[in-house]
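The values are calculated or read from the model by the stated rules, or taken from the named source; none is laboratory data. What you see is a predicted model; the values in this text were computed from it and never measured. Glycine gets a Cβ as well: all are built from the backbone with ideal geometry, and neighbour counts include every protein chain shown. Please note that ligands, DNA and RNA were not included when accessible areas were found on the heavy atoms of the full protein model with its side chains. Shrake-Rupley method; radii C 1.70, N 1.55, O 1.52, S 1.80 Å.
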Amino acid sequence: MPVTQFTVPEKYTYNVGLGSYHHSEALKGANPVAQNSPQVPPYKLLTECISGTSFTTPRNLNLSVWMYRVTASINRGRYVPYTAETASSKAAASPMTYSPNFLHWDDFRLEPGYDWVSSQKVILSSGDIATKTGFSYLVFAATKDMAPNTAYYSSDGDTLIIPQAGVLDIKTELGYLMVRPNEIAMIPRGLKYRVTLPAGSARGYICELRQGHFRLPELGTIGTSGLANARDFQIPVAVFDGTITEGVASCPAAEWTIIRKYNDSLFSCTRNQTPFDVAAWHGSYYPYKYDLGRFSVLGSLLYDHPDPSIFTVLSAPSFREPGTAVVEFCIFPPRWQVMENTYWLPPYHMNTMSEFIGIIMKDPEPNPNTVFKPFGGMLTGAMTPHGSDKKEHDAERAKAFKPAKVATEPVMAFLLESASIPGVAEWASKIVIEK
Ligand SMILES: [Fe+2]
């Protein structure tokens, strides 16, 4: 069965279908019929909208969500700098550095004692948040839940989460997502959420996309299905932390802290009610998750390698040059290689794209001799020559041809590929192995 056999069972139910317009009601009838902004919505809720794209973005790319909630997000105290210690605040701020060499990290080795927000550290970055260009790649290693009555959101970009170990229980304004290794999740810019750890510590990778949004790649002559299929993306259903009294929805008073990332700095404010007061929502701008085990791998049936773009799960196209991407998220799952007179290792190459590879490994005790270790990474900047070493190529060249399964479980590698050259944060450059 083409799904991952997770050790921690699913807790939640979901809508399905990436790119579709969805609606969900925690209170029956809480979404107004036809009208988005009635004078008084059902249950005397308030209307709040998030625009994920400009108002006049073409219809097929336009993203927004309408929420019907007890208290508008505007009801809060003033934002002040968030002064709690974070893993990043302990690292000296410094300009990014650039290396033309192949960069390899064995293990990002984050310190314990932090939660989802405070454990995040940027490793690679390109572009500029204020002008909405480029991306950051981060790592996280959370060893505790976010504090009670605390929620977080990023103003800087969409957050693609790639767990490597542990389980993330993510409560968003639009509902729950449970995310395990070999699943990915995307939280859109501006949406509040909190993260708890039902199975203890969790760590992994994050791609913060500052420009545009991820979507499924075009399939061209592949046709209607294949690669990541829209039906396999799971979207939360509405959750309402309140009650109804005489037809009026309400939530109890309680002090909450909202932590917000704004131009790469953290701020916080308080409010006197939960942000999880959305009784219903409808729209095209929502979080989602996807089991990488459902990826429908396509490939060559006779000879040679297709380009690795055949493994693209999600793409954030760049409109600067046709066919390029701000970031593409690709995977190298277990698959059969059946080509004749060819072997599975890619040919030596230099690409216009910069490639960051990380390893999601389900085996908690991976082979210590493997080059690719979980929670490590590899960066090959644009036009950096790379490929497997001569020994591996020689071994494959000497083999008799027969169909074989490669990248067998429990290994899953991912690739974040970009048209831009990322800089390396100082802390990450200090633990890098250059080749
Ligand atoms: Fe490559």
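Residues of the chain: accessible area per residue at 1.4 Å, in Å²?
Averaged over the residues of the chain, the accessible area is 47 Å².
Percent relative contact order of the chain, based on C-alpha pairs within less than 8 angstrom and at least six residues apart?
Across the chain, relative contact order equals 22 percent.
For the full complex of protein chains and a 1.4 angstrom probe, list 103, 298 by accessible area with the highest value first.
The residues order as 298, 103, largest area first.
Can you tell me the order of 263-276, 388-401, 344-357, 3-16 when each peptide is scored by its average per-residue count of other Cβ atoms within 10 angstrom, highest first?
263-276, 344-357, 3-16, 388-401
Normalised by the empirical 2.2 N^0.38 Å for globular proteins, what value does the Cα Rg of the chain take?
1.01
Quick check: from the Cα gyration tensor, does the range 1-132 come out rounded (a/c under 1.5), prolate or oblate?
Prolate, because a/c is 1.5 or more and a/b exceeds b/c.
Which shape class, rounded, prolate or oblate, goes with the range 182-255 when its Cα gyration tensor gives a ≥ b ≥ c as root eigenvalues, a/c under 1.5 marks rounded, and past that a/b bigger than b/c marks prolate?
Prolate, because a/c is 1.5 or more and a/b exceeds b/c.
Roughly how big is the range 1-128's charge dipole about its Cα centre, with Cβ charges of +1 (Lys, Arg) and -1 (Asp, Glu), in debye to the nearest 20?
520 debye
Would you work out what percent of the accessible area of the range 1-104, with all protein chains in place, is carbon or sulfur (probe 1.4 Å)?
57 percent
Of 11/289; 171/430; 132/373; 390/430; 121/261; 121/192, which sit over 24 Å apart, Cα to Cα?
Pairs exceeding 24 Å: 171/430; 132/373; 390/430.
Whole angstrom only: what separates the Cα centroid of the range 192-246 from the Cα centroid of the range 339-362?
Each part reduced to its Cα centre gives a spacing of 26 Å.
Nothing charged except the Cβ atoms of Lys and Arg (+1) and of Asp and Glu (-1): what's the magnitude of the dipole of the range 295-434 about its Cα centre? Round to the nearest 20 debye.
Once rounded to the nearest 20, the dipole reads 240 debye.
Over the range 131-255, what is the relative contact order in whole percent, taking alpha-carbon pairs under 8 Å and six or more residues apart?
32 percent
Rank these by accessible area, largest first, 1.4 Å probe: 417, 434, 426.
In descending accessible area the options line up as 434, 426, 417.
Using Cα springs under 10 Å in a Gaussian network model of the chain, which residue among 385, 287, 217 shows the largest mean-square fluctuation?
Maximum among the listed residues: 385.
Where nothing but the Cβ of Lys and Arg (+1) and of Asp and Glu (-1) is charged, how large is the charge dipole of the chain around its Cα centre, in debye to the nearest 20?
Once rounded to the nearest 20, the dipole reads 540 debye.
Provide the per-residue ³J(HN,Hα) series for the range 33-45, in order, calculated from phi with Karplus coefficients 6.51, -1.76, 1.60 and θ = phi - 60°, each as a whole number of Hz, with x at glycine and proline positions.
Working through the residues one at a time gives 7, 6, 6, 7, 10, x, 4, 9, x, x, 6, 6, 6 Hz.
Answer rounded, prolate or oblate for the range 295-434, using the Cα gyration tensor with square roots of eigenvalues a ≥ b ≥ c: rounded when a/c is under 1.5, else prolate when a/b is larger than b/c, else oblate.
Because a/c hits 1.5 or more and a/b fails to exceed b/c, the range 295-434 counts as oblate.
How far apart, in nanometres, would the label points at residue 20 and residue 383 be if each is projected 7 angstrom from Cα along the Cα-to-Cβ direction?
Reported label-point gap for residue 20 and residue 383 is 4.6 nm.
With unit charges on the beta carbon (Lys/Arg positive, Asp/Glu negative), name the residue among 345, 61, 239 whose Cα is farthest towards the positive pole of the charge dipole of the chain.
Among 345, 61, 239, the one farthest towards the positive end of the dipole of the chain is 239.
Give me the percent of accessible area attributable to carbon and sulfur for the range 295-434, probe 1.4 angstrom.
Roughly 57 percent, rounded to a whole number.
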